[in-house]
Amino acid sequence: MRSAERLKTSLADDERYRLLIDAITDYAIYMLDPDGVVTSWNPGAQRFKGYAAPEVIGSHFSRFYIDEDRKAGLPARALRISASEGKFEGEGWRVRKDGRRFWAHVVIDPIRAPDGGLIGFAKITRDLSERKAAEMLLRQSEQQFRLLVQGVTDYAIYMLDPEGRVNSWNSGAERIKQYRADEIIGAHFSQFYTEKERQKGEPHLVLETARREGRVEKEGWRVRKDGTRFWAHVVIDPIRDDTGAIIGFAKITRDITERRDMQRALDQARETLFQSQKMDAIGQLTGGIAHDFNNLLMAILGSLELVGKRLPEDPRIAPLIDNAIQAAQRGTALTQRMLAFARRQDLDLEPVDVPTLVRGMTDLLQRSLGPSIPIETRFPLLLGPVHADANQLEMALLNLVLNARDAMPDGGAIVIAAREENMPAGSMDGLKPGRYVCLSVSDTGEGMDKATLARAMEPFFTTKGVGRGTGLGLSMVHGMTEQSGGRFVLKSRMNEGTTAELWLPLAKAAKVPREAERASKEAAAPTRPLLVLAVDDDGLVLMNTTLMLEELGHTVLEAGSAKQALDILRREPTVDLVITDHAMPHMTGVQLAATIREERPDLPIILATGYAELPPGSETDLPKLAKPFRQRDLMQAVAAVFPG
Ligand SMILES: Nc1ncnc2c1ncn2[C@@H]1O[C@H](COP(=O)(O)OP(=O)(O)OP(=O)(O)O)[C@@H](O)[C@H]1O
Ligand SMILES: [Mg+2]
């Protein structure tokens, strides 16, 4: 290449460089002579520093420094370093023409002639004010964020490295999990899991899922440092760098044990309410049906008894009638249990001594069990009497013991126990605060699964197959205890036996009727012929009562309503006794009795009721006859009013 061309090329190169430097507005690029006097100036320099080229070329570059730095000799030092080390680089405050400061990044390179002599310096300055401000802001916000995360105490917020080791820890984590940061950082997070979950590989699985799906939300048991457990709500998010690689996990854990407990209590309360409403509804239905059947059975039974007596002895007929009577009696027993469930039984509540009552029926119990199932009793030396109906309580115990027997086909043991307990308010659903006796029957039988246990007290619920169980045993026990002001509680687990608990209120009165007295109540003696007024709105029942009374040698006047009864009484002053139904339209038996009392205070009245239909508060002292009654019951009731 010829020299002229080379010169042209190099000129063109110089021109290109100048154009390039003039085009740069983001960097101040200018030259200093060896003493630091400005010898060139580009638009970038003009933009940052505010001076136009003519204003500044020829002046010393130290004018761009702030006063302190100038006084400290920084400009000269920068040039010295650049010259001796080949480069100076630094950051610092610089001043614009208008006096405002900016944060500058500065590089100063020495420019040397081919012989090595210093010609001057190239200076490149960048305005980093914005970046500096952004950095400060970032640092500030990072610090604030750290303080924020640190200060949160309701959530454990911490980070895991990709392998699951803890690498940060906040005060919430310390509060919930009980480890201090220095105890736990570096440890694997699987130590917060229960042994079982660890064995299942749950911690590993959770991170895998977070890796794959981006986020995991779970609830489960976690373990604190002291080994106690809490129910945790956990969220895990993977943290990725700019390239998408996972650099760790963010983990937020909340202790929601309390909330969970509350939710469970609420569910439980709802379930209890639902159960009790269901039982009430079934009770209404059962009670209604049983009431009507009771009257029908009474008519059937009464008529059959009379037919049996009036027909001439005939071996072809007598067994049939006996059969019919037995069937009707079984029907009566069923309706009695249904009424008991519906809490519509006529309970004869009195103080009952439980150990005495149980001892009195040991023979009966042991006989119904057979020798392969021994009964053990456990009573404390001192046990107050309960407020209950002794006969019904015996029935209940018998039902429970028979259930226990059925649950132990291969033998086992039954324990009947009792203990006195004080029950403060709220200790058992629906139980008034006070002192109770808990009478329990436990067996070592097959127990019940949850579904069976939940329905066991429902009337007609049985697992014993058609013809073997009526499903009314526990219903009866349930209704009877509730009606006595107590509670019936069943506890059972599959293959772990069953415990049935009767919670009965402690009797206030101290006097307990003796067995002998109870027996004497039931003793019957024939009565002299009487003139009896029988009152019932049910024609069938009325006819039945009349026939029975006539059989017993009495004379009967019939009334289909209370009003009719009053009319007859006013006409017939010689009536000896009134036997009246209670539930009648217009005027009830109790109201009728009150009216009669006003006119004839001495006239005995017997109230025949199918169930505890007397509204609370209207308890009467009238002698009662439970429907359906048989001739013998009627005879006893009359005998009680007219002894001997
Ligand atoms: N001790 C017990 N162990 C295991 N299951 C029981 C026990 N007691 C009751 N059950 C279950 O509860 C159901 C209902 O009992 P319940 O006494 O009301 O009726 P039942 O015994 O089936 O019939 P019934 O009492 O008329 O003979 C039973 O069929 C049985 O499944
Ligand atoms: Mg039973």
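Can you name the residue in region 474-501 that is of a type in the set (A, V, I, L, M, F, W, C) and more than 23 Å from A290 (Cα to Cα) and is also farthest from ligand 1 (Cβ to nearest atom) among such residues? Checked region 474-501; the qualifying residue farthest from ligand 1 (Cβ to nearest atom) is V489. Within region 349-378, the set of residues being within 38 Å of the chain's Cα centre (by Cα) and either part of a helix (DSSP H, G or I) or without any contact (Cβ under 8 Å) to a residue 60 or more places away in the chain (or both) comprises V354, P355, V358, I375, E376, T377, R378. Filtered by the rule that a residue be over 17 Å from A583 (Cα atoms) and out of contact with any helix residue (DSSP H, G or I) (no Cβ under 8 Å at 6 or more places or on another chain), region 556-571 gives D567, I568, R571.
Within the set D314, D267, D292, D255, the sole residue that is without any contact (Cβ under 8 Å) to a residue 12 or more places away in the chain and closer than 30 Å to Y193 by Cβ turns out to be D267. The residues on offer are V441, V466, and the sole one that is within 16 Å of ligand 2 (Cβ to nearest atom) and not in a loop (DSSP other than H, G, I, E, B) is V441.
Do we find a residue being part of a loop (DSSP other than H, G, I, E, B) and surrounded by fewer than 23 Cβ atoms within 10 Å (Cβ to Cβ) anywhere in region 483-491? Yes, region 483-491 contains at least one residue that is part of a loop (DSSP other than H, G, I, E, B) and surrounded by fewer than 23 Cβ atoms within 10 Å (Cβ to Cβ). Candidates L306, L273, L266, L311: the one that is modelled with pLDDT of 90 or more, out of contact with any Gly (no Cβ under 9 Å at 6 or more places or on another chain) and among the aliphatic types (A, V, I, L, M) is L266. Among the residues making up region 449-460, a single one is within 7 Å of ligand 1 (Cβ to nearest atom) and surrounded by fewer than 17 Cβ atoms within 10 Å (Cβ to Cβ): T452. Taken together, P573, P643, P601 contain a single residue that is at pLDDT 85 or above and closer than 20 Å to P529 by Cβ, which is P573. Looking at G244, G164, can you tell me which residue is over 22 Å from R259 (Cα atoms) and touching a Phe, Trp or Tyr at 6+ places or on another chain (Cβ under 9 Å)? The match here is G164. Scanning region 423-439 for residues that are aliphatic (A, V, I, L, M) and modelled with pLDDT under 95 yields M423, A425, M428, L431.
Before we move on, is V441 away from ligand 1 (no atom under 16 Å from the Cβ), open to solvent by less than 20 Å² (accessible area, probe 1.4 Å) and in contact with a strand residue (DSSP E or B) (Cβ under 9 Å, 6 or more places away or on another chain)? Judged against the criteria, V441 is not a match. Among residues of region 479-500 being under 17 Å from V386 (Cβ atoms) and in contact with a Lys or Arg (Cβ under 9 Å, 6 or more places away or on another chain), the one that is nearest to ligand 2 (Cβ to nearest atom) is A500.
Checking each residue in region 138-170 for being open to solvent by less than 40 Å² (accessible area, probe 1.4 Å) and charged (D, E, K, R) picks out only D161.
Out of curiosity, is D567 among the acidic types (D, E) and either closer than 16 Å to L306 by Cβ or in contact (Cβ under 8 Å) with a residue 40 or more places away in the chain (or both)? For D567, the condition - among the acidic types (D, E) and either closer than 16 Å to L306 by Cβ or in contact (Cβ under 8 Å) with a residue 40 or more places away in the chain (or both) - is not met.
Scanning region 318-335 for residues that are without any contact (Cβ under 8 Å) to a residue 24 or more places away in the chain and open to solvent by 60 Å² or more (accessible area, probe 1.4 Å) returns P319, L320, D322, N323, Q326, A327, R330. Annotation note: Cβ proximity below 9 Å between a residue of region 405-418 that is touching a residue at least 24 places away in the same chain (Cβ under 8 Å) and in a loop (DSSP other than H, G, I, E, B) and a residue that is basic (K, R) and open to solvent by 30 Å² or more (accessible area, probe 1.4 Å) (sequence gap 6+ or interchain) occurs for G412/R405.
Checking each residue in region 330-348 for being outside any helix (DSSP H, G or I), at pLDDT 85 or above and under 25 Å from I416 (Cα atoms) picks out no residue at all.
Would a scan of region 613-620 turn up a residue that is more than 53 Å from the chain's Cα centre (by Cα), among the hydrophobic types (A, V, I, L, M, F, W, C) and crowded, with 16+ Cβ neighbours inside 10 Å? No, region 613-620 contains no residue that is more than 53 Å from the chain's Cα centre (by Cα), among the hydrophobic types (A, V, I, L, M, F, W, C) and crowded, with 16+ Cβ neighbours inside 10 Å. Scanning region 336-380 for residues that are of a type in the set (K, R) and in contact with a Gly (Cβ under 9 Å, 6 or more places away or on another chain) returns R337, R343, R344. Step by step: first the residues of region 461-473, then only those that are farther than 15 Å from A290 by Cα and not small (G, A, S), then the one that is farthest from ligand 1 (Cβ to nearest atom). Which residue is that? Among those residues, the one meeting the criterion is V466.
Looking only at residues of region 207-251 that are open to solvent by 30 Å² or more (accessible area, probe 1.4 Å) and aromatic (F, W, Y), we find that the one that is nearest to the chain's Cα centre (by Cα) is W231.
Exactly one residue out of E130, E135, E183, E197 is exposed (fewer than 12 other Cβ atoms within 10 Å of the Cβ), part of a helix (DSSP H, G or I) and of a type in the set (D, E), and it is E130. Condition first: open to solvent by less than 20 Å² (accessible area, probe 1.4 Å), assigned to a strand (DSSP E or B) and in contact with a Phe, Trp or Tyr (Cβ under 9 Å, 6 or more places away or on another chain). Can you find one or more residues in region 385-394 that meet it? Yes, because at least one residue in region 385-394 is open to solvent by less than 20 Å² (accessible area, probe 1.4 Å), assigned to a strand (DSSP E or B) and in contact with a Phe, Trp or Tyr (Cβ under 9 Å, 6 or more places away or on another chain).
Contact map, region 205-217: first residue under 13 Å from R240 (Cβ atoms), second residue aliphatic (A, V, I, L, M) and at pLDDT 90 or above, Cβ cut-off under 8 Å, separation 6 or more or different chains; pairs are A210/V216; A210/I236; R211/I246; R215/V235; R215/I236.
Taken over region 395-438, the residue count meeting the criterion of being open to solvent by less than 30 Å² (accessible area, probe 1.4 Å), touching a helix residue (DSSP H, G or I) at 6+ places or on another chain (Cβ under 9 Å) and among the small types (G, A, S) is 4. Sub-7 Å Cβ pairs linking a first residue in region 392-404 that is more than 9 Å from ligand 2 (Cβ to nearest atom) to a second residue that is among the acidic types (D, E), at least 6 apart or interchain, are A404/D443, ordered by first then second residue. Taken together, the residues in region 555-598 that are under 60 Å from the mean Cα position of the chain (by Cα), open to solvent by 20 Å² or more (accessible area, probe 1.4 Å) and over 17 Å from T620 (Cβ atoms) amount to 7.
The values are calculated or read from the model by the stated rules, or taken from the named source; none is laboratory data. Given the structure is predicted, the values throughout are model-derived calculations rather than measurements. Cβ coordinates were reconstructed from backbone atoms using ideal geometry, including for glycine residues, and neighbour counts include every protein chain displayed. Heads up: the accessible areas ignore ligands, DNA and RNA and are worked out on the full protein's heavy atoms, side chains in. Shrake-Rupley method; radii C 1.70, N 1.55, O 1.52, S 1.80 Å.
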